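S.K.: Here it is, the structure, as structure tokens.
The values are calculated or read from the model by the stated rules, or taken from the named source; none is laboratory data. Remember, predicted model here, so these are calculated numbers, not experimental data. Neighbour counts run over all protein chains shown; Cβ positions are idealised from the backbone, glycine included. To get the accessible areas, we keep the full protein, side chains included, count just its heavy atoms, and leave off ligands, DNA and RNA. Shrake-Rupley method; radii C 1.70, N 1.55, O 1.52, S 1.80 Å.
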Amino acid sequence: MLHLPQFESWSLPRRAPSHRLGAVTARALHLAVALFALLLTVAVAPGTARAQMDEPARVKATYDRTDVMIPMRDGVRLFTTLYTPKDAKGPLPILLMRTPYGSDTYLISIGPSVDFEKAGYIFALQDVRGTYQSEGDFVNVRPYNPRKQGNEFDEASDTYDTIDWMVKHVAGNNGNVGVWGISYLGFYATMAALSGHPALKAVSPQAPVSDWFLGDDFHHNGALFLGDAFSFLSTFGLPRPVPTRARAKPYVYGTPDGYRFFLEAGPLADISAAKMANRNPFWTEMFAHPTYDAFWKARTPLPHLTQVKPAILTVGSWFDAENVWGAVHTYRAFEKQNPRLSNAIVMGPWYHGQWWFDDGAQLGEQRWGAKTSEYYSREILLPFFEHYLKGTGDGRYAEAQVFETGSNRWRAFDQWPPAGVARESLYLSAQGTLSAGQRNGLSGFDQYYSDPNKPVPYLDKVTTRRPGTEHQYMVEDQRFASTRPDVLVYQTPPLEHDLTIAGPITATLYASTTGTDADFIVKVIDVYPHNTPDPTPNPTQVVLGGYQQLLRGEVMPARFRKGFEKGVAMVPNQVEKVEFELPDVLHTFKAGHRVMVQVQSSWFPLVDRNPQTFVDIYRATASDYRPAWMRIHRAPGRESRITLGVLR
């Protein structure tokens, strides 16, 4: 049982063996911005026209570049750039990255970090089928075909054919191949693990796309992440007649205010007709599948991750606005379905891809006390590939190497979540309290009036930037939301001792509405003491006293409370159990801090508005969007709560 100070104290959490901190050459910020545009397509300047650029001078000085067209089994050729060290001493392994964003562009590094350039690898960068300079047709998250025959292909077979060609034709390779990639590239890395090529010895899916309906990018629990989907699909994956280097032109919002832009655009049907008509076929496909049907199920690799041979190191980040779900669930799928596989996970305190973009010393107002990206690159990722591709080192490392926020330290565990975690609950109680033990105030309900035409913003800022690039929202101060009448707030007293939580968080709500549908958003927040000093220096003039740091937030459409394959309407004023999982954490609430939970029914325009009437949201009209009263119940038998994994 998790006890709060007025009931009983708990002991300090035990410490796991600490890691050594290392360093790696820092990547310049302007290079990070340049690569961000490559990797996320629209992250810095959505759709900006791309010209071919030179490699960094150090790469030109030390590597020979060769561009080749590698044939696939069906005759389609994929554009691939090979970098071979000029002074290679002996055969070297090949490290492959497959991308839909264009491989022939300016890079921070031609491998996972500059460390890899110095260590000696042959690097291969490939445009996937149907993108940029490769031939063929592009399919978003192309389904895996486990029963391919003849010339049938998928991303796994394209990887097999690429590896097979390289080990036979690239001079000076040692016959060992590794694959890595971040975000969408992480999806292609996961698919590589299914290729079955004997030369593939190690794979690192990083922030991998794994399920575009349940938890990654465009949907969470079936709720559309509107800002992300619109910004990304307005420029990515557009039809192209022939191979090209050109990038789509950026979408012009015509306003700096994304909240107002999407609110005035109206229902999704109006947005589709006025702003996305004939722009991206996948937008239309996505809206034709409003439930978790065969279309979506075919596009997740997770059920297929069986009989995997290469060693796996999945990398993710606690504050990834796009694929934190994908990282944890990819690791879980490899682990569950391959009991004898060398399988490990790394989770750092980063935004999406930050471990490649900068030194990882801070995120927004959060300072970690170390250059976390440098440690990860030199002490974790490089030794992984060095061992499996070159045979160096003993290959012994912890299965889970994760950064504990709050206490700001790396920790190593033999499994994830760690052994010794106890599942304990905090109850939403009377007068805005979170209680445990005696469960005081467990009677009645709390309510708020949710108006979809006045939704709760997700960010206290005017911006049209893609939500995935507003990195700070994942740790954003929530004081702007806690003062709204349509947000319920519950919190503990100041903690008497540190409280460390690990693994997923479960939200259990007993809810009713005067409407027939609703979204329920639950946020878990670390509230700082009012005497917390401001940082020095303080360029953003942040006030840390009373800061409400978002730790976790997730949305659950009530229509999917019984399953994602079919929506079920709410009965007005009838209490229903709505239970869902918030992504994993490893965080210490320090003594003197409070645990806060906020409950609301909109999070805009991060999440599309729920009309609060049971209709097909993708075809809803303006008249379908109706205000409703939401009640969160807290009576015996209807105990709304969050359940945490407490690490002693």
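S.K.: Between segment 187-245 and segment 554-632, how far is it from one alpha carbon centroid to the other, in angstrom?
M.R.: Going from one Cα centre to the other spans 25 Å.
S.K.: Next question. With only alpha-carbon atoms counted, please give the Rg and Dmax of segment 113-245, in Å.
M.R.: That works out to 16.3, 49 Å for Rg and Dmax.
S.K.: Further question on the same structure: Roughly how many percent of the accessible protein surface of the chain is carbon and sulfur, given a 1.4 Å probe and a whole-percent answer?
M.R.: 52
S.K.: What residues of segment 356-387 lie in the reach of a label at residue 461, counting those whose backbone N is under 13 Å from a point 7 Å from the Cα along Cα→Cβ?
M.R.: Hits in segment 356-387 for residue 461 at 13 Å: 363-366.
S.K.: Here is a follow-up. Holding the Cα-Cα limit at 32 Å, pick out from 249/562; 523/566; 309/590; 118/590; 118/201 the pairs that are longer than that.
M.R.: 249/562; 309/590; 118/590, as the Cα separations exceed 32 Å there.
S.K.: Going by the alpha-carbon gyration tensor, a ≥ b ≥ c the square roots of its eigenvalues, is segment 492-648 rounded (a/c under 1.5) or, if a/c is not under 1.5, prolate (a/b greater than b/c) versus oblate?
M.R.: Judged from the Cα gyration tensor, segment 492-648 comes out prolate (a/c at least 1.5, a/b above b/c).
S.K.: Let me ask another. What net charge is computed for the residues neighbouring residue 571, neighbours being all others with C-beta under 14 Å from the C-beta of residue 571, Lys and Arg scored +1, Asp and Glu -1?
M.R.: Neighbourhood net charge equals +3.
S.K.: Could you tell me the convex hull volume per residue, in Å³, taken over the Cα atoms of segment 346-405?
M.R.: 85
S.K.: State the answer as a single residue: which of 527, 153, 368 lies farthest towards the positive end of the charge dipole of the chain, with beta carbon charges of +1 for Lys and Arg and -1 for Asp and Glu, about the Cα centre.
M.R.: Farthest towards the positive end: 153.
S.K.: Is the shape of segment 299-433 rounded, prolate or oblate, going by the alpha carbon gyration tensor and its root eigenvalues a ≥ b ≥ c, with a/c under 1.5 for rounded and a/b larger than b/c for prolate?
M.R.: Oblate is the answer for segment 299-433, as a/c is 1.5 or above yet b/c matches or exceeds a/b.
S.K.: Looking at segment 132-277, what % of its DSSP beta bridges pair antiparallel, to the nearest 5?
M.R.: 25
S.K.: Right, next: Net charge near residue 239, counting Lys/Arg +1 and Asp/Glu -1 over other residues with Cβ under 10 Å of its Cβ?
M.R.: Net charge in that neighbourhood comes out at +1.
S.K.: Taking the Cα centre of segment 511-648 as origin, work out the dipole magnitude from +1 charges on Lys and Arg Cβ and -1 charges on Asp and Glu Cβ, in debye rounded to 20.
M.R.: 380
S.K.: Quick one: work out Rg over Rh on the C-alpha atoms of the chain, Rh as Kirkwood radius.
M.R.: Dividing the radius of gyration by the Kirkwood radius yields 0.96.
S.K.: For the chain, what is the percent of antiparallel DSSP beta bridges, rounded to the nearest 5?
M.R.: Percentage antiparallel, nearest 5: 75.
S.K.: Report the full-extension gain for the segment residue 648 to residue 58: residue separation times 0.36 nm, less the Cα-Cα distance, to one decimal in nm.
M.R.: This chain segment gains 207.6 nm when fully extended.
S.K.: For an R0 of 35 angstrom, estimate the FRET efficiency from the Cβ-Cβ distance between residue 534 and residue 66 and round to the nearest 0.05.
M.R.: 0.10
S.K.: Accessible area per residue, 1.4 Å probe, Å², for the chain: what's the number?
M.R.: I get 36 Å² per residue for this part.
S.K.: When the Cα centres of segment 384-452 and segment 470-521 are compared, how far apart do they sit, in Å?
M.R.: 15
S.K.: May I pose another question? Looking at segment 82-147, what % of its DSSP beta bridges pair antiparallel, to the nearest 5?
M.R.: Rounded to the nearest five, the antiparallel share is 25 percent.
S.K.: Separate question: What are the semi-axes of the equivalent ellipsoid for segment 558-648, taken as the square roots of 5 times the Cα gyration tensor eigenvalues, largest first, in whole Å?
M.R.: 30, 17, 14
S.K.: Only helical DSSP H runs with n ≥ 4 go in: add -39500 (n - 2.57) per run for the chain, normalise by residue count and round the 222 nm mean residue ellipticity to 500 deg cm²/dmol.
M.R.: -5000 deg cm²/dmol
S.K.: Could I ask something else about it? Can you list the aspartates and glutamates whose alpha carbon is less than 14 Å from that of residue 89, not counting same-chain residues fewer than 8 positions off?
M.R.: 117
S.K.: If you take every residue apart from residue 466 with its C-beta less than 11 Å away from the C-beta of residue 466, what net charge results, scoring Lys and Arg +1 and Asp and Glu -1?
M.R.: -3
S.K.: Could you tell me whether segment 255-361 comes out rounded, prolate or oblate from its Cα gyration tensor? Rule is a ≥ b ≥ c as square roots of the eigenvalues, rounded for a/c under 1.5, then prolate if a/b exceeds b/c, otherwise oblate.
M.R.: Here segment 255-361 falls in the oblate category.
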